[in-house]
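*Asks:* Sending over a structure as structure tokens; questions will come in a sec.
Here, each number is a calculation from the coordinates, and none is a lab measurement. Keep in mind that what you see is a predicted model, and the values were worked out from it rather than measured. As a convention, Cβ positions derive from the backbone with ideal geometry for all residues, glycine included, and neighbour counts pool all protein chains shown.
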């Protein structure tokens with residue numbers, strides 16, 4: 001699920017948080033309950049946050065931005081618990097810093113504050129599917145909004161594995177969004193070529 005660049009988060013080019021671009025939901029009524037948005041710092045995540053923001057403005061529900069941190073690998077049997085805990089804290093701190101940078105770089109926090117959109121940052125450890133489903137149930141989410149998580153290469157037109165599994169297994173409504181095609185060509189070509 002960690003498809004973003006290792007040291008930097010991408011920036012959405014354009015009116016990322018314009019209330020005039022309301023999401024079109026294919027469901028009856030409005031979702032009731034918080035909006036859960038898994039964030040992997042990719043451009044698709046920026047689009048998911050944009051759609052969640054717009055939806056939150058209309059339904060007045062808070063947003064939970066969820067980032068999943070992988071488990072610390074404890075393979076060596078002689079690894080001391082203290083070392084594992086230290087590595088775990090370091091990963092969590094790095095993820096929190098990256099989330100803060102993602103929010104600042106894409107003007108997300110400023111837009112949320114300006115329009116009074118309530119949001120919570122949630123860092124979970126483990127497997128992405130389990131963390132997303134658990135968080136959605138725990139907060140009684142009205143909807144989960146995810147980027148499509150496309151892979152590059154021949155299967156790039158398919159959904160990412162986690163997105164597809166959340167669609168199949170979630171007990172809550174799920175909206176899948178993809179980034180607009182008017183992105184910087186270098187960013188798009190860079191993804192396709194890798």
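*Asks:* R0 = 22 Å: FRET efficiency of residue 138 with residue 83, Cβ-based, nearest 0.05?
*Replies:* With R0 = 22 Å, the Cβ-Cβ based efficiency is 0.15.
*Asks:* Hey, fewest Cβ within 10 Å first, where do 56, 45, 88, 122 land in order?
*Replies:* Values: 56 22, 45 29, 88 15, 122 19.
Placing the least packed residue first, the sequence is 88, 122, 56, 45.
*Asks:* Okay, moving on. Can you sort 159, 167 by how many other beta carbons sit within 10 Å, fewest first? Write down the numbers at each step before the final one.
*Replies:* Values: 159 19, 167 14.
So the residues, fewest neighbours to most, are 167, 159.
*Asks:* Turning to a different aspect of this structure: With a 10 Å Cβ neighbour count serving as the proxy for reagent exposure, in which order, fewest first, do 89, 179, 81 appear?
*Replies:* Values: 89 11, 179 22, 81 8.
Exposure proxy ranking, most exposed first: 81, 89, 179.
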